[in-house]
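Reviewing the structure listed below.
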Amino acid sequence: MKPSAAPLLEIRGLHIQGQSGEVWQDIVKDINLTLRRSEVLGLIGESGAGKSTLGLAAMGYARAGCRILSGTISFDGLDLIAMPEAEKRRLWGTRIAYVAQSAAASFNPAHRLIDQYKEVPVYHGKSGEAEAERNAHAVFRRLHLPEPERIGLRYPHQVSGGQLQRVMTAMAMACGPDLIVFDEPTTALDVTTQIEVLAAIKELVRNSNMAAIYISHDLAVVAQMADRVMVLRYGRLVEEARTGEMLAHPRQPYTKSLWAVRSLNKSEESGGDVVLSVRGVDAAYSGVVKVLHDVNLEVRRGRTVAVVGESGSGKSTLARVITGLLPPHKGEIVFAGKPLPPALSERPKDMLRRIQMIYQMPDMALNPRRRVRDILGRTLELHRGLSGAARENRIVELLEMIELDAGFLNRLPSELSGGQKQRICIARALAVEPDLIICDEVTSALDQIVAEGILKLLLRLQKELGVSYVYITHDLATVKAIADWIVVMQWGKVVQQGPKGEVLTPPHHPYTELLLSSVPEMRTDWLDRLLNARRVGAQATSA
Amino acid sequence: MTERVDIAGVEERPRPTEPAQPGPFATMWRVFARMPLSAQFGTVVILAYVFVAVFAPWLAPFRESQIVGAQFEPWSAAFPFGTDQLGRDLLTRLIYGARNTIGIAVLTTGLAFLIGGLLGLLASVVGGWLDQALSRCVDVLMAIPLLIFALVLLSIFGTSVFNLVLIIAVLDSTRVFRLARATAMNVVVMEFVETARLQGESLLWIMTREVLPNILPPLTAEFGLRFCFVFLTISALSFLGLGIQPPTADWGSMVRENATLIAYGDPTPLLPAGAIALLTVAVNFVVDWFLHKTSGLRDEA
Amino acid sequence: MNPIVTTVLQRVGLGVLTLLAVSVIIFAMIEMLPGDFASAILGQTATPETVAAFQRSIGLDKPPVTRYFEWIGGVLQGNFGESFSSAGALGGGHAKTVASLIGPRLSNTLFLAGFTALISVPLSLALGLLAALYRNSIFDRTVNLVTLTTISVPEFFVAYILMLILAVKFPIFYSLANVSPDTPFFERVARTALPAISLMLVIVAHMMRMTRAAIINLLASPYIEMAKLKGLAPSSVILRHALPNAWAPIGTVVALNLAYLIVGVVVAEVVFVYPGIGQLMVDSVAARDIPVVQACALLFAMAYILLNLLADIVGIVTNPRLLHPR
């Protein structure tokens, strides 16, 4: 038998547990995984699926507080479970390399990038200092890093997130490993930065014959990289298939739910009287750092305005200005025909009632020490003066409105799932019959299937109650699902706004174009096509 | 079949609900049984001290300041630990000492928590200039070592139990302020506090209902640690002759009064010192367990 | 300007401000003196005339601001004023200056503290590092229990146990640490041994626990995991990746504990009758000799602020973000 016919990595019956408090819980169970040479395997799953733990186990590494209970992990015929640490260390960095999620935290702040790159080949005796440095420059150039000869002289904090992630990818390649584990390498990045890193990884993986495990929660991203995809949930395998086949014919309902939000599309509506208008607003933190410049927008009754932008665009600051947490420097906010006092403390109680807010992290938006009854009841007491049975009845009514029941009255937030928590937050906002709800990335922290449920709920409630939403998000797929009107923001300015249909159909503003084209699509050839198109575009402009 | 095939197989994993609560004593016993040995030891010791402090008059063979024998009598059947420099029964003094020394330390720590905790909460919730002003004041007060500061104040105001409690409580409240403010800050930035503000809730409501319940576990642990610190500081001052004044029975003073015996190889002065040591060790063991337990629970995401 | 220099200068400026504020507080104490204070100091035999003369001699007739600047001006030149202990001899007797009382004792205290620090700092850093590296081992658990016990007990308990065992039952060391300026160096070390050891026990326990916590915190950083996954041996991970980032937390731990040592000397000096400023301060508090108390407090506070300042500066000059600005 030829050695290349044998798989590079073979995992059988893997069972890993993690310690949580005093008890051990399953993180990964009954996992079988086979990876051939020069094959890319995608591991996909949502939070708590055990994909990172599995990725590290593929290297023979278990984090503190985790234990491998049973199973075998064999790398190129070597038993990684039985292998002593010292021998594993000879494999790590040279034959198996790792690319971590947060490059900013995974580079040592005290050393130059080039020294951290050279450390692997020099330490393992694969090459000398000078040779390692020459190799580094070559890889940096291939990854389109600016000033490839000089960038290595910088310290991690002197380089942007996207560049750092590319340097880390280069570092993993330093010894020409047989296997690289990419652990959510682009999750922490904005969509437009994500493209650079994805392109770099694709370039390296394609032009070498190494194998890779690519971990992500985003199936569209994995589809660009992987030949084959394994879907994990609660540490178990849901489905495994070749990438194209999985996208075309998912067998399991859960797999299909991974792009649940993408299938939603609200039919755009217009008209209605203006509820809120923001006029020429400038805002700054502590009087110095200006984050909003001349922002104008209008929200109509029963309609949704989506505010879209990347981190640093000022979209969350806009929410703080509307709610009165951050009084604007300049400009005014008109609500229901009357100018709104800029500061929260000057706004009458009825105004506070009419504008409500829902947040990204339902965990942090609910007081962990108060039960559902108290959380909803307090709002009713405060703004509606309800008490006793009237209060109780209204709470139950609200719970039914958000598709929960009276059984939840006595629960603490810790006894609710993420989606249920977000529903309680929605109920709290709705309890006082507001005119406007500001939704700040309300589905970003949720799994796709849960996010779909929340979006459908928001749409239904809007239809029934005629409430308006300002929907703040970085995720364009959600925008399609919920918006009537889109506002695109960049660096504190509105770069484009208009009805959904108009903004989402060409011709686009250049930034909107960049944003839209950077959202990974559920096709295996999306990245290649995009890179080609951009290359052609660049040539056309330079010609 | 409709398009909504998903829900059956894909709904979220349900969270466990809390099991039915057993009675309070059964719960306490369960908690105790699951403690590590060091914490069990600590709990038993603390309970024993509380018992002695509460029932001192019934447990002690003599009255607190009653002179019953000659000076420095050795250990005997009549006076199990001998007598002190005035001929008072040492065992009696030890028993009353529990009441006085622990009582004063608890009172002082409670006062320090009242002042420091309240101001710390206020600073974190109100923020802005109030927070700045309070924090800078505390910075300056904390730039003088506590024992040294206490010595200065005692030299000015003179030594009395009232002054002692007040001085130590105020000085120690700066440490409580720091912790209360820091932990409350972590809560204040959470969105549920922002929601409360947006709903127009009052300052008092936000402080007592939204923030305070969430910082109680670290504050509880800190109460144990601060108690030890205050207890040791007061004992040190008494030992230096500047704390609790005679004829009140107090362990720190008892060490000082009987210290000369050490030179003759008599371990009697170690008894009150050991009484102090045993209690602080016990409290620390329990706090150590409590900290470990609450931080362990926090990992559970 | 280099951000390191600016940040250090800012920090030093803040230290000076703090010191100034502390001096105002310590000085302002005298304003809070109760009215009958002078007669309490002078005794019941004091006539209204002597009381008035005494109040004049400590300057109570001048406005407080003027007196503060006179006092702080004197302090800057090493003149802490005159001790109240000579107040009884008003009119005729010779006044003892605070400086003459503090001078010889200050060097004794510095000797004791320095001696203790010299041994405890390296010892506790090494123990803390070992405990962190072998976390949850038998060694770690034992050390944890022992140090937790040591930091919980009063210093005088440790001191008297040591005295009972090492000086009375087995006379290895001197039970009393009475040194004088002309005590030869080695005898001085021998006489200071017991107070130093009892201080060490407490300081080492504190410092070792904090070092352990700081190192464990550092080892939890993602870049340490990355270094392991690069295949580096534990020694390289520690030396190359943990150590360069450890100076700031270690500096803080050392400063914090040396500051703690400052307070510890007070009790140790009293137990072993060691003629340092701790003992002087305690005696002066009992005698309500305010100028001496003020001077001692200022010295203790100064040392405390200085140590914290040093720790901050170590943190600043080893911070890569400040060393290599964008």
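The values are calculated or read from the model by the stated rules, or taken from the named source; none is laboratory data. Because the structure is a prediction, the values reported are computed rather than measured. Positions of Cβ are backbone-derived with ideal geometry, glycine not excepted, and every protein chain shown enters the neighbour counts.
State all residues of the range A:230-285 that are among the polar types (S, T, N, Q) and either out of contact with any strand residue (DSSP E or B) (no Cβ under 7 Å at 6 or more places or on another chain) or away from every other protein chain (no Cβ under 14 Å) (or both); if no residue qualifies, say none. Show your work before the answer.
So the first thing to find is which residues in the range A:230-285 are among the polar types (S, T, N, Q), and the list is A:243, A:252, A:255, A:257, A:263, A:265, A:267, A:270, A:277.
Residues satisfying the conditions are A:THR243, A:SER257, A:SER263, A:ASN265, A:SER267, A:SER270, A:SER277.
If we keep just the residues of the range B:76-90 that are touching a helix residue (DSSP H, G or I) at 6+ places or on another chain (Cβ under 9 Å) and touching a residue at least 12 places away in the same chain (Cβ under 8 Å), which is farthest from B:GLU257 (Cα to Cα)?
Quick first cut of the range B:76-90, residues touching a helix residue (DSSP H, G or I) at 6+ places or on another chain (Cβ under 9 Å) only: B:79-86, B:90.
Okay, now just the ones that are also touching a residue at least 12 places away in the same chain (Cβ under 8 Å), so B:79, B:81-86, B:90.
On the way: B:PHE79: 17, B:PHE81: 14, B:GLY82: 14, B:THR83: 11, B:ASP84: 8, B:GLN85: 7, B:LEU86: 9, B:LEU90: 11 Å.
The residue in question is B:PHE79.
Test of understanding: among B:LEU166, B:LEU203, B:LEU216, which residue is out of contact with any strand residue (DSSP E or B) (no Cβ under 7 Å at 6 or more places or on another chain) and more than 13 Å from chain A (Cβ to nearest Cβ)? Quick ask: steps written out before the conclusion?
Values: B:LEU203 fails: more than 13 Å from chain A (Cβ to nearest Cβ); B:LEU216 fails: more than 13 Å from chain A (Cβ to nearest Cβ).
Every option except B:LEU166 fails the conditions.
I need the full set of residues from the range A:323-333 which are touching a Lys or Arg at 6+ places or on another chain (Cβ under 8 Å) and either in a helix (DSSP H, G or I) or within 14 Å of chain B (Cβ to nearest Cβ) (or both), in order please.
Hits for the range A:323-333 are A:GLY324, A:LEU325, A:LEU326.
For residues that are in a loop (DSSP other than H, G, I, E, B) and touching a Leu at 6+ places or on another chain (Cβ under 7 Å), scanning just the range A:177-191, find the one that is farthest from A:ASN209 (Cα to Cα).
Let us first name the residues in the range A:177-191 that are in a loop (DSSP other than H, G, I, E, B), namely A:177-178, A:184-190.
With touching a Leu at 6+ places or on another chain (Cβ under 7 Å) added as a condition, the list becomes A:178, A:186.
On the way: A:ASP178: 8, A:THR186: 22 Å.
Applying the filter and picking the extreme gives A:THR186.
Restricting to the range A:289-322, name every residue that is hydroxyl-bearing (Ser, Thr, Tyr) and touching a Lys or Arg at 6+ places or on another chain (Cβ under 9 Å). Before you say what the answer is, go through the steps one by one.
Of the residues in the range A:289-322, the ones hydroxyl-bearing (Ser, Thr, Tyr) are A:304, A:311, A:313, A:316-317.
Answer for the range A:289-322, where residues must be hydroxyl-bearing (Ser, Thr, Tyr) and touching a Lys or Arg at 6+ places or on another chain (Cβ under 9 Å): A:THR304, A:SER313.
Quick check, is C:VAL158 within 9 Å of another protein chain (Cβ to nearest Cβ), crowded, with 20+ Cβ neighbours inside 10 Å, in a helix (DSSP H, G or I) and at pLDDT 85 or above?
Details: within 9 Å of another protein chain (Cβ to nearest Cβ): yes; crowded, with 20+ Cβ neighbours inside 10 Å: yes; in a helix (DSSP H, G or I): yes; at pLDDT 85 or above: yes.
When the stated conditions are applied, C:VAL158 passes them.
To keep it simple, each residue is scored yes or no on (1) out of contact with any helix residue (DSSP H, G or I) (no Cβ under 6 Å at 6 or more places or on another chain); (2) more than 26 Å from C:PHE84 (Cβ to Cβ); (3) acidic (Asp, Glu); (4) touching a residue at least 24 places away in the same chain (Cβ under 8 Å).
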site: C:PRO222; (1), (2), (3), (4): no, yes, no, no
site: C:LEU239; (1), (2), (3), (4): yes, yes, no, no
site: C:GLY251; (1), (2), (3), (4): no, yes, no, yes
site: C:LEU261; (1), (2), (3), (4): no, yes, no, yes
site: C:GLN279; (1), (2), (3), (4): no, no, no, yes
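Considering B:VAL211, B:VAL187, which residue is more than 8 Å from every other protein chain (Cβ to nearest Cβ), at negative phi, modelled with pLDDT of 90 or more and out of contact with any Leu (no Cβ under 7 Å at 6 or more places or on another chain)? Lay out the reasoning, then the answer.
Details: B:VAL211 fails: out of contact with any Leu (no Cβ under 7 Å at 6 or more places or on another chain).
Result: B:VAL187 is the single residue among B:VAL211, B:VAL187 that is more than 8 Å from every other protein chain (Cβ to nearest Cβ), at negative phi, modelled with pLDDT of 90 or more and out of contact with any Leu (no Cβ under 7 Å at 6 or more places or on another chain).
Any idea which residue in the range C:161-174 is surrounded by the fewest Cβ atoms within 10 Å (Cβ to Cβ), counting only those that are part of a helix (DSSP H, G or I) and either more than 9 Å from chain B (Cβ to nearest Cβ) or touching a helix residue (DSSP H, G or I) at 6+ places or on another chain (Cβ under 7 Å) (or both)? Reasoning before the result, please.
Of the residues in the range C:161-174, the ones part of a helix (DSSP H, G or I) are C:161-169.
From the residues that got through so far, the ones that are either more than 9 Å from chain B (Cβ to nearest Cβ) or touching a helix residue (DSSP H, G or I) at 6+ places or on another chain (Cβ under 7 Å) (or both) too are C:161-168.
On the way: C:ILE161: 19, C:LEU162: 20, C:MET163: 26, C:LEU164: 20, C:ILE165: 13, C:LEU166: 18, C:ALA167: 20, C:VAL168: 16.
Per the stated criteria, the residue is C:ILE165.
Counting only residues that are out of contact with any Leu (no Cβ under 8 Å at 6 or more places or on another chain), give me the strands (runs of 3 or more DSSP E) lying completely in the range A:17-75 with at least 3 of them. Give the derivation first.
Numbers: elements: A:23-35, A:40-44, A:66-75.
Fully inside the range A:17-75 and qualifying: A:23-35, A:66-75.
What number of residues in the range A:422-437 are charged (D, E, K, R), more than 10 Å from chain B (Cβ to nearest Cβ) and part of a helix (DSSP H, G or I)? Show your work before the answer.
Taking the range A:422-437 as the starting set, the residues that turn out to be charged (D, E, K, R) are A:423, A:428, A:433, A:435.
Still in the list and also more than 10 Å from chain B (Cβ to nearest Cβ): A:423, A:433, A:435.
Remaining after also requiring part of a helix (DSSP H, G or I): A:423.
Looking only at that region, the number is 1.
Does C:GLY276 meet the test of being at pLDDT 90 or above and surrounded by 24 or more Cβ atoms within 10 Å (Cβ to Cβ)? If you could, list the steps in order and put the result at the bottom.
Values: at pLDDT 90 or above: yes; surrounded by 24 or more Cβ atoms within 10 Å (Cβ to Cβ): yes.
Taking the combined requirement at face value, the residue satisfies it.
Can you pull out the residues in the range C:196-232 that are more than 11 Å from every other protein chain (Cβ to nearest Cβ), over 30 Å from C:LEU112 (Cβ atoms) and buried (at least 23 other Cβ atoms within 10 Å of the Cβ)?
none
Are any of the residues in the range A:344-353 outside any helix (DSSP H, G or I), within 10 Å of chain B (Cβ to nearest Cβ), of a type in the set (D, E, K, R) and out of contact with any strand residue (DSSP E or B) (no Cβ under 6 Å at 6 or more places or on another chain)?
The initial filter retains those residues of the range A:344-353 that are outside any helix (DSSP H, G or I), namely A:347-348.
Cutting the leftovers down to within 10 Å of chain B (Cβ to nearest Cβ) gives us A:347-348.
Okay, now just the ones that are also of a type in the set (D, E, K, R), so A:347.
Now narrow it down to the ones that are out of contact with any strand residue (DSSP E or B) (no Cβ under 6 Å at 6 or more places or on another chain): A:347.
Looking for residues that are outside any helix (DSSP H, G or I), within 10 Å of chain B (Cβ to nearest Cβ), of a type in the set (D, E, K, R) and out of contact with any strand residue (DSSP E or B) (no Cβ under 6 Å at 6 or more places or on another chain), one finds at least one in the range A:344-353, hence yes.
Can you pull out the residues in the range B:260-270 that are at the interface with another protein chain (Cβ under 7 Å from one of its Cβ atoms) and either in a helix (DSSP H, G or I) or surrounded by fewer than 20 Cβ atoms within 10 Å (Cβ to Cβ) (or both)?
Within the range B:260-270, the first condition is being at the interface with another protein chain (Cβ under 7 Å from one of its Cβ atoms), and the residues that meet it are B:262-263, B:265, B:267, B:269-270.
Residues satisfying the conditions are B:ILE262, B:ALA263, B:GLY265, B:PRO267, B:LEU270.
Can you find, within the range A:356-367, the residue that is nearest to A:ALA429 (Cα to Cα) among those that are at the interface with another protein chain (Cβ under 8 Å from one of its Cβ atoms), among the aliphatic types (A, V, I, L, M) and surrounded by 24 or more Cβ atoms within 10 Å (Cβ to Cβ)?
Across the range A:356-367, the extreme among qualifying residues is A:MET357.
Within the range A:410-445, which residues are closer than 18 Å to A:VAL299 by Cβ and of a type in the set (Asp, Glu)?
A:GLU433, A:ASP435, A:ASP440, A:GLU441
Of all residues in the range A:399-420 being within 11 Å of A:ARG373 (Cβ to Cβ) and touching a residue at least 24 places away in the same chain (Cβ under 8 Å), which is farthest from the other protein chains (Cβ to nearest Cβ)? Step through it out loud before you land on a result.
Our first condition is that a residue be within 11 Å of A:ARG373 (Cβ to Cβ); within the range A:399-420, this holds for A:399, A:406, A:408-412.
From the residues that got through so far, the ones that are touching a residue at least 24 places away in the same chain (Cβ under 8 Å) too are A:399, A:408-412.
Working: A:LEU399: 16, A:PHE408: 10, A:LEU409: 12, A:ASN410: 9, A:ARG411: 7, A:LEU412: 8 Å.
Ranking the qualifying residues of the range A:399-420, first place goes to A:LEU399.
So if I check each of A:ALA49, A:ALA104, A:ALA100, A:ALA64, which one is crowded, with 22+ Cβ neighbours inside 10 Å and at pLDDT below 90?
On the way: A:ALA104 fails: crowded, with 22+ Cβ neighbours inside 10 Å; A:ALA100 fails: at pLDDT below 90; A:ALA64 fails: crowded, with 22+ Cβ neighbours inside 10 Å.
Only one candidate passes the filter, namely A:ALA49.
Please find, among A:LYS266, A:LYS256, the residue that is in the same structural domain as A:GLY162 (by TED's automatic domain parsing), outside any strand (DSSP E or B) and either closer than 25 Å to A:ILE454 by Cβ or without any contact (Cβ under 8 Å) to a residue 24 or more places away in the chain (or both). Don't jump to the end; show me each part of the working.
Details: A:LYS266 fails: in the same structural domain as A:GLY162 (by TED's automatic domain parsing).
The conditions single out A:LYS256.
Have a look at C:TYR260, C:TYR304 and point out the one that is out of contact with any Phe, Trp or Tyr (no Cβ under 7 Å at 6 or more places or on another chain), crowded, with 22+ Cβ neighbours inside 10 Å and within 19 Å of B:ASP139 (Cβ to Cβ). Walk me through how you get there before you give the answer.
On the way: C:TYR260 fails: crowded, with 22+ Cβ neighbours inside 10 Å.
Only one candidate passes the filter, namely C:TYR304.
Looking at B:VAL283, B:VAL255 in this structure, which one is within 18 Å of the chain's Cα centre (by Cα), assigned to a helix (DSSP H, G or I), within 11 Å of chain C (Cβ to nearest Cβ) and among the hydrophobic types (A, V, I, L, M, F, W, C)?
B:VAL283
Provide a single number: the residues in the range A:493-518 that are in contact (Cβ under 8 Å) with a residue 60 or more places away in the chain, outside the structural domain of A:VAL305 (by TED's automatic domain parsing) and over 17 Å from A:ALA483 (Cα atoms). It would help to see each step written out before you state the result.
Filtering the range A:493-518 for residues in contact (Cβ under 8 Å) with a residue 60 or more places away in the chain gives A:493-494, A:497, A:499-501, A:514-515, A:518.
Those still in the list that are outside the structural domain of A:VAL305 (by TED's automatic domain parsing) too: A:514-515, A:518.
Applying the additional criterion that residues be over 17 Å from A:ALA483 (Cα atoms) yields A:514, A:518.
The total comes to 2.
Sort out which residues of the range A:519-540 are basic (Lys, Arg), without any contact (Cβ under 8 Å) to a residue 40 or more places away in the chain and closer than 28 Å to A:HIS249 by Cα, and write them in order of number.
Start the filter on the range A:519-540 by keeping residues that are basic (Lys, Arg), which leaves A:523, A:529, A:534-535.
This time we only want the ones that are without any contact (Cβ under 8 Å) to a residue 40 or more places away in the chain, so: A:529, A:534-535.
Selection gives A:ARG529 alone.
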